[in-house]
1. Which cross-chain or sequence-distant (5 or more) residues have an amide H under 5 Å from the amide H of residue 98, H modelled 1.01 Å from N in plane?
2. Which residues' amide hydrogens lie under 5 Å from the amide hydrogen of residue 66, considering only partners 5 or more residues apart or on another chain, with H built in the peptide plane?
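Every number here is computed from the coordinates shown, using simple stated rules; none is lab data. This is a predicted model, so every value here is computed, not measured.
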Amino acid sequence: MQTHFKRGDAVIIALVLCVALLLLLLPLARSTDGSAVLVISLSDGSETTYALSEDRALTLTGNSHTLTVVIEDGAARVVKSTCPDGVCRMGAISKHGEMLVCAPAGVALTVRSQGGDVDAILG
Ligand SMILES: [Zn+2]
């Protein structure tokens, strides 16, 4: 006898299963992000690489502009900048290939996944 098993119950069960699946998959997705690095290119052509898995705050200077970059929870964002347009403060980057550029300061932040096949180019 399954007459008291209503269609609405099935929808709720499906939703709960979806949420449970998402919760299971999220940590997995984050663990792959753990190998991602933030590459900071400055106006003088220098590049510095930081692990996105380690929280930190950085102060960058370029073309007499100062940017404060925060790496937190596997994502990097510009929290403060003295540049006039403020475009670089628009969002956070965490996935391979994502970029934040501050044109006035000549600073570019790029996320790259470490050991990825695309990143075999050195020098
Ligand atoms: Zn900017």
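1. 111
2. 82, 83
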